[in-house]
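Contents: one structure, followed by commentary.
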Amino acid sequence: QVAVALKEGRVTPTELCQRCLSLIKSTKFLNAYITVAEETALKQAEASEERYKKGQPLGVLDGIPVAVKDNFNTAGIETTCASNMLRGYISPYNATVVQKLLDQGAVLLGKTNLDEFAMGSGSTDGVFGPVRNPWSYSRQYKKKSVPESHSEDKEPDWVITGGSSGGSAAAVSSFTCFAALGSDTGGSTRNPAAHCGVVGLKPTYGLISRHGLIPLVNSMDVPGILTRCVDDAAVVLGSLAGHDPKDSTTIQDNFKPFELPNLTDVSKLSVGIPKEYHAPGLSSEILAIWSKAADLFENAGAKVVEVSLPHTRYSIVCYHVLCTAEVASNMARFDGLEYGHRSDMNESTESMYAATRREGFNDVVRGRILSGNYFLLKQNYEKYFIKAQKVRRLIANDFVKVFRSGVDVLLTPTTLSDAAPYMEFIKEDNRTRSAQDDILTQAANMAGLPAINVPTALSERGLPVGLQFIGHSFQEQQLLTVAKWFEKQVQFPMIQLEEVKRHDHGVFQHQKSASFS
């Protein structure tokens, strides 16, 4: 919608950029952004405006304001990973995905908040503080969570965004940008998308370049896409996908961008319901929404079948071993010598290394490094790391068997419940929370499959609940087509953001349409 408005001259890229920047300022208390690149963004918007005047836009993303998670390298803009280790670090180059967005004329508004080095599932553990879920300030949530008599003087407990790409999800949900990049290693794009009521796409491993994404787990990391509708996710995917000579794990074939058809007949569709995803801790409310969604497909004529992915129950343990082992290896580069924080301790090189890492990393990162190094010890390597790799293969094979049986997509919950209040969430430690929250999402990362969260309904507390579709490898078009059909059927309500009391940051402007009409 907004691309059409730009093309027709109903709004200019500069006006659009200024509107988004003022919204970022008025929603500052959400803490969605770490860095706002106001000057750069306005320059990019002006350049876009010139191109539109000449009738030569670079593509459908020209002039569209976007945000990027702060673990993607951006030339000239600070990249911190929400850690003291990289505070003040400015990369000399752009990540491939960032460069592709800029090449299409997108306007980069800034870098979004996250858990430190993307390790977490709440966006609460970064050095810049937790991200607040915009739905905490929605009319829908306030109505349910604050008794009428107290509504004037009591603010409801604010809820988390999920993580680790919580800043990007909050940015899209609060209308401060039209699309945002996240990263997805075990569900870090889909989890916050579910909690913030937006679309979160994790593409097939190797479809989008990881070059310039600061690595967490190389064998599972994928740049993720957050948008307000499935069509937008397809547009952004078309701009980002394809081979990158700088990333040897990307596909060699050319990727053709596609437009999603409007599916009218789902009678030829086979939807699998994996019984193992009825996991311990799954709320009765989410179970009911999941069942209702399965009925929706069945009533529309699709074939809905129960399927089994028997090794799913081992996946969280397997993921923990592989994740921490790769983290230990990846974090070795932060030694205080080449870039990032460097301690003043100068008694010896070893003491400088140790002090740098002690000062630079938080407890969560240090804990994962210790676990990973334990699993990689000579006496443990076969027992843990190799065994976990074998279990990972079994998990991937489960998906292959199910898809070979004729199933087109799998339908599962994305999260066990709706977003938790912040004070409740921080009662448990990061590792316990991540193990619980990743349970429904990380198997897709282990198998390298595409998966998407589609906002489905509001919970009894007035908070978003999303469902996940998992597709065949490199069959994003089929996956997104089904997701678009489902999105149209459920008609998820738009967030109603009202004036936020107790904050001096101005007022939320609730935008009714993408063109700010």
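The values are calculated or read from the model by the stated rules, or taken from the named source; none is laboratory data. Note that the structure is a prediction, hence the values are computed from the model and not measured. Cβ sites come from the backbone with ideal geometry, for glycine too, and all protein chains shown count toward neighbours. With ligands, DNA and RNA removed, areas are computed over all heavy atoms of the protein, side chains included. Shrake-Rupley method; radii C 1.70, N 1.55, O 1.52, S 1.80 Å.
Would you please give the FRET efficiency between Q18 and R139, computed as 1/(1 + (r/R0)^6) with r the Cβ-Cβ distance and R0 = 25 Å, to the nearest 0.05?
With a Förster radius of 25 Å, E is 0.45.
Please give the Cα centre distance for the stretch 188-202 versus the stretch 232-249, rounded to the nearest Å.
Here the answer is 19 Å between Cα centres.
Under 5 Å between amide H atoms, partner at least 5 residues away or on a different chain: which partners does A457 have, H built in plane at 1.01 Å?
The list, which skips near neighbours in sequence, is V465.
Work out from phi, with θ = phi - 60° and the Karplus expression 6.51 cos²θ - 1.76 cosθ + 1.60, the ³J(HN,Hα) of each residue of the stretch 31-43, listed in order in whole Hz, and give x for Gly and Pro.
6, 6, 10, 8, 10, 10, 8, 4, 4, 4, 4, 5, 5
Based on DSSP H runs of at least 4 residues, each adding -39500 (n - 2.57), what is the mean residue ellipticity at 222 nm of the chain after dividing by all its residues, to the nearest 500 deg cm²/dmol? Walk me through the numbers before you get to the answer.
Numbers: 17 runs with 188 residues, N = 517.
Calculated at 222 nm, the ellipticity per residue is -11000 deg cm²/dmol.
Students often check this: by mean Cβ neighbours within 10 Å, which of 343-351, 488-496 ranks highest, and how do the rest follow?
By packing density, highest mean first, the sequence is 488-496, 343-351.
For the chain, report the accessible area per residue in Å² (1.4 Å probe, heavy atoms, rounded to an integer).
Value for the chain: 41 Å² per residue.
With all protein chains present, how much of the accessible area of the chain (probe radius 1.4 Å) comes from carbon and sulfur, to the nearest whole percent? Spell out each step's value before the answer.
Working: 10560 of 21140 Å².
For the chain, the apolar C and S fraction of the accessible surface comes to 50 percent.
Of G129, L296, I160, whose Cα points farthest to the positive end of the dipole of the chain (charges on the beta-carbon: +1 Lys, Arg; -1 Asp, Glu; origin at the Cα centre)?
Toward the positive end, the furthest listed residue is L296.
I need the phi-derived Karplus couplings for the stretch 312-325: 6.51 cos²θ - 1.76 cosθ + 1.60, θ = phi - 60°, integer Hz, Gly and Pro marked x.
Coupling constants for the stretch 312-325: 4, 5, 8, 5, 5, 5, 4, 4, 4, 5, 5, 4, 5, 5 Hz.
In the chain, if the dipole is taken from +1 on Lys/Arg beta carbons and -1 on Asp/Glu beta carbons about the Cα centre, which of Y314, V266, V68 is farthest to the positive end?
The one lying farthest along the dipole's positive direction is V266.
As a test, work out the antiparallel percent of DSSP beta bridges whose residues both lie in the chain, rounded to the nearest 5.
The antiparallel fraction comes to roughly 70 percent.
Can you give me the solvent accessible area of S173 with a 1.4 Å probe, rounded to the nearest 10 Å²?
It works out to around 10 Å².
Residues with amide H under 5 Å of T250's amide H, sequence separation 5 or more or different chain, H placed in the peptide plane at 1.01 Å from N; which?
The list, which skips near neighbours in sequence, is D244.
So what J values fall out for the stretch 366-375 if you push phi through Karplus, 6.51 cos²θ - 1.76 cosθ + 1.60 with θ = phi - 60°, rounded to Hz, Gly and Pro as x?
Values per residue, Gly and Pro as x: 4, x, 5, 5, 4, 4, x, 5, 5, 5 Hz.
Once you charge only the Cβ atoms, +1 for Lys and Arg and -1 for Asp and Glu, what is the size of the charge dipole of the stretch 62-136 about its Cα centre, to the nearest 20 debye? Write down the numbers at each step before the final one.
Values: 5 positive and 7 negative charges, 12 e Å.
With only Lys, Arg, Asp and Glu charged at Cβ, the dipole is about 60 debye.
Which order do you get for R358, R190, R228 if you rank them by accessible area with a 1.4 Å probe, largest at the top? All intermediate terms of the calculation are to be shown ahead of the outcome.
Details: R358 130, R190 0, R228 70 Å².
Largest accessible area first, the list is R358, R228, R190.
Counting only protein chains, not ligands or nucleic acids, how are V317, V222, V127 ordered by accessible area (probe 1.4 Å), most first? Mind showing how you got there, number by number?
Working: V317 95, V222 5, V127 50 Å².
The residues order as V317, V127, V222, largest area first.
How big is the dipole moment of the stretch 270-389 about its Cα centre under a simple scheme where the beta carbon of each Lys and Arg is +1, that of each Asp and Glu is -1, and everything else is neutral? Debye, nearest 20, please. Each step should come with its number before you reach the end.
Values: 13 positive and 14 negative charges, 65 e Å.
Around 320 debye, computed over the stretch 270-389.
Mind checking the dipole of the chain: about its Cα centre, +1 per Lys or Arg Cβ, -1 per Asp or Glu Cβ, Debye to the nearest 20?
Here the chain has a charge dipole of around 680 debye.
Check Y33: other-chain or 5+ apart residues with amide H under 5 Å from its amide H, H built from backbone geometry?
Result for Y33 returns N113.
Report, as a whole number in µm² per second, the diffusion coefficient that Stokes-Einstein gives for the stretch 93-134 at 4 °C and 1.567 mPa s using the Kirkwood radius over alpha carbon pairs. If you can, show how the numbers build up before the last one.
Values: Rh = 12.1 Å.
Reported coefficient: 107 µm²/s.
If you restrict to DSSP beta bridges whose two residues both lie in the stretch 14-164, what percentage is antiparallel, to the nearest 5?
50
What whole-number distance in Å separates the alpha-carbon centres of the stretch 32-80 and the stretch 399-426?
So the two Cα centres are separated by 33 Å.
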